[in-house]
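Below: one structure, written as structure tokens.
The values are calculated or read from the model by the stated rules, or taken from the named source; none is laboratory data. Computed from a predicted structure; not experimentally measured. Positions of Cβ are generated from backbone atoms using ideal geometry, with glycine treated the same way; all protein chains shown enter the neighbour counts.
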Amino acid sequence: DAGVIQSPRHEVTEMGQEVTLRCKPISGHNSLFWYRQTMMRGLELLIYFNNNVPIDDSGMPEDRFSAKMPNASFSTLKIQPSEPRDSAVYFCASSSRLAGDIETQYFGPGTRLLVL
Amino acid sequence: GNSVTQMEGPVTLSEEAFLTINCTYTATGYPSLFWYVQYPGEGLQLLLKATKADDKGSNKGFEATYRKETTSFHLEKGSVQVSDSAVYFCALLIYNQGGKLIFGQGTELSVKP
């Protein structure tokens, strides 16, 4: 199994530029989560999807952030325009809501974003 | 509301020492409890889990028991190794919230040879 795939692994950009992070969940998983990790704030859930539908986006910091999941095998997190305070590691995770099972979230390796 | 509180790090131990990382939670309903581990430069991975009161999760020598009476899920290991150096996250999951995990702030463990 390939695991959760994220791209790019590293991104350096200048303030004001658009940034797009990509995630491919594990095949067959129907829940997808986007997290942000910083030293100051720890691990924060930004948004999550069930069956490609956004369920809870209350963690999205502001309108500059948007996320989509056009199909079961792909999701994007977009920041436009980016700001230095968006510098963080962004993780994508997926899980499978099998009946009678406990949902284990499988994390990708993360995208390390630096906004100058 | 639902929340998880972990002991603050960093925790520094010598190899073969006993480890305890405290975790307490507040939850409505009946949560499942997890410990995730994050090695340097990597994403989080599940270490162990427990679904109901008095369940004990275990993996790689680590153990944690779901204590409903004290709302706790403390992580323990009898003899740590240098390779256990990582950040450990306690988390809870409540099913009626669609599978959303609530994480603690993480506890960094450093094991010295």
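Counting the residues of segment A:75-110 that are under 11 Å from the mean Cα position of the chain (by Cα), more than 14 Å from chain B (Cβ to nearest Cβ) and either at positive phi or not small (Gly, Ala, Ser) (or both) gives 3. Tell me, which residue of segment A:16-53 that is in contact with a strand residue (DSSP E or B) (Cβ under 6 Å, 6 or more places away or on another chain) and part of a loop (DSSP other than H, G, I, E, B) is modelled with the highest pLDDT? Among residues in segment A:16-53 that are in contact with a strand residue (DSSP E or B) (Cβ under 6 Å, 6 or more places away or on another chain) and part of a loop (DSSP other than H, G, I, E, B), the one modelled with the highest pLDDT is A:Pro25. A count restricted to segment B:9-49 and to residues that are touching a residue at least 60 places away in the same chain (Cβ under 8 Å), in a strand (DSSP E or B) and of a type in the set (Ser, Thr, Tyr) stands at 5. Filtered by the rule that a residue be outside any strand (DSSP E or B) and within 12 Å of chain B (Cβ to nearest Cβ), segment A:54-68 gives A:Asp57, A:Ser58, A:Gly59.
One residue alone among B:Ser79, B:Ser83, B:Ser58 is closer than 30 Å to A:Trp34 by Cβ and either hydroxyl-bearing (Ser, Thr, Tyr) or more than 12 Å from chain A (Cβ to nearest Cβ) (or both), and that residue is B:Ser83.
Of the candidates A:Asn51, A:Asn71, the single residue that is more than 14 Å from the chain's Cα centre (by Cα), within 14 Å of chain B (Cβ to nearest Cβ) and either β-branched (Val, Ile, Thr) or over 22 Å from B:Leu47 (Cα atoms) (or both) is A:Asn51.
Taking each residue of segment A:1-18 that is under 12 Å from A:Thr111 (Cβ atoms) and looking for partners that are at pLDDT below 95 and polar (S, T, N, Q) with beta-carbon atoms closer than 6 Å, six or more apart or interchain, yields A:Val4/A:Ser94.
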